[in-house]
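One structure is given below, encoded as structure tokens.
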Amino acid sequence: MLTAVVIRSGEVLQVRLVSAEEGKEVDLTECSFEPEASNPTECGPGPSPIIPEMKELAWGAGSFIVFALLMRFFLFPRLKKGMDSRYNSIREGHENAEATRTSARSEVAQYDAAVVAAKAEAAKVVDAARATLETERQAAITAANARIAAQREAAMAAADAARAAGRSQVESAVVDVVSSAVEIATGKRPDGSAVSRAVADAMSAGVR
Amino acid sequence: MIALEFPPINEILRWKDLFPTFNKIALIAVAAALIGTVVFLLAGRKDAKVAPKGVRNFAESIVEFIENGIIMQTMGRDGLGWTPFLLSLFSFIYLCNVPGIIPFLQMPATARMALPLFLSLLVWVVFIVTGFKHQGLAYIKNSLFPPGVPKALYLLVTPIEFISTFLVRPFSLTVRLFANMLAGHILLVTFALLSEALFQAEGNPALIPVGVLPLFMLIFLTGFEVLVAFLQAYIFTILTAVYIGGAAHPEH
């Protein structure tokens with residue numbers, strides 16, 4: 001049985017529990033309390049707050065060790081496995097996208113090369129056509145020029161013939177006129193060949 | 001005049017046992033492990049082939065943060081095998097830090113010495129074992145006698161390297177995490193108490209509106225503690241990665 005001994009000094013009440021049988025004072029250092037729920041003066045000063053308490057050490061160590069072991073062998077591997085599988089699938093997707101992009105680029109390059117080849121072929125065909133056209137044009141021009149020259153020759157020959165015929169007619173008319181004029185003037189018809197020769201000389205001199 | 005009675009440090013750090021040998025800190029540690037397990041369990045059950053969303057997206061973000069933000073920066077590709085350990089470490093510390101701002105819990109489990117100490121000692125053992133595994137006995141030589149240092153300087157450098165590598169590292173890891181979270185917790189308590197005291201200043205009603213100021217500070221610090229919770233988990237994890245990477249690759 002315990003007896004409470006209350007000592008009042010000033011405003012402070014000091015409480016001691018004394019064992020009735022043995023008369024020994026009970027140690028209150030292990031007394032604990034809720035600060036807000038009970039009167040703090042019921043407790044002694046207790047151990048130093050710096051000294052670790054065994055129960056806290058044991059529970060804290062046990063909790064951490066269990067947590068760390070669970071983390072090491074169960075929780076983390078499971079989480080990491082999921083993370084790795086997702087990262088791998090994302091990486092795989094990236095690699096597939098990269099392969100598709102490379103393939104597309106290669107196809108674009110092939111297409112560009114084909115376009116360049118087609119353009120070169122088209123240019124060659126156009127050049128050949130242009131050369132053929134040029135040859136044909138030159139041949140046509142040459143033929144046309146030849147035709148023009150021939151027609152000009154013919155026209156010039158016809159003009160010369162017409163001019164010669166006209167001159168002959170003019171010449172005979174002049175001979176007639178001259179012969180008539182000489183006959184009227186002299187009463188005697190001149191020699192026809194001499195008149196013709198004289199008229200021809202005069203006309204030739206006049207043309208010159 | 002108002003007198004603010006700040007409780008002793010033990011009053012804001014010690015908690016009643018929920019049942020024998022199980023208190024709030026133990027509850028938070030167990031809950032952190034459970035929540036972490038459930039989150040990653042749910043994430044692992046979602047269809048991995050589709051774009052991740054929800055809990056799977058969240059879990060994968062943490063994994064990628066650990067892999068790209070910590071391991072690749074400190075250990076390189078060879079360190080990816082350490083992802084589960086560092087992921088556990090980061091998640092567990094963060095989930096133990098965050099209850100500092102969760103109503104009714106309002107206590108980061110790492111503001112007590114036990115958890116940071118255990119985690120630091122674990123990291124200490126892990127990086128030393130890694131050093132011996134990768135370098136054999138040369139690990140000691142490479143650690144204590146860095147190449148390129150004039151021989152006369154070894155008298156000075158070797159004790160410093162021994163202390164900094166084998167003694168100070170677990171200590172600094174522990175204290176950094178513990179002290180930051182404890183300081184944050186005390187700050188929140190301080191402004192909460194100050195705000196409460198001002199709002200209840202019956203003797204001087206003019207002080208009641210002033211209570212808004214520490215309340216705003218409390219709200220600001222609560223938001224800040226979210227950042228601190230993440231930052232401390234990140235610092236602890238990245239230092240662990242640096243230590244393990246250094247032990248596995250002496251050239252680092």
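Taken together, the values in this text are just the output of simple stated rules run on the coordinates, not laboratory data. Values in this document were obtained by computation on a predicted structure and should not be read as measured data. For neighbour counting, all protein chains shown are included, and Cβ atoms are generated from backbone atoms with ideal geometry for every residue, glycine included.
Odds and ends about this structure:
- In percent, rounded to a whole number, the relative contact order of chain B is 26, using alpha-carbon pairs under 8 Å and six or more apart.
- Among B:Pro205, B:Pro84, B:Pro20: highest mean-square fluctuation, GNM of chain B, C-alpha pairs under 10 Å: B:Pro20
- Hits among lysines - C-alpha to C-alpha of B:Lys24 under 20 Å, sequence gap 8 or more where chains match: A:Lys55, B:Lys16
- Summed side-chain charge close to A:Lys80 - residues other than A:Lys80 whose Cβ falls under 13 Å, Lys, Arg +1, Asp, Glu -1: +1
- Chain B - mean residue ellipticity at 222 nm from DSSP helices (-39,500 (n - 2.57) per run, n ≥ 4, rounded to 500): -21000 deg cm²/dmol
- Each of A:Lys81, B:Lys46 was scored by other Cβ atoms within 10 Å of its Cβ. Listed from fewest to most, they are A:Lys81, B:Lys46.
- Length-normalised contact order of segment B:120-191 in % [C-alpha pairs under 8 Å, at least 6 apart]: 38
- For segment B:149-211, applying the loop criterion from DSSP together with a ceiling of 16 other beta carbons within 10 Å to the GluC sites (Glu not before Pro) yields B:Glu202.
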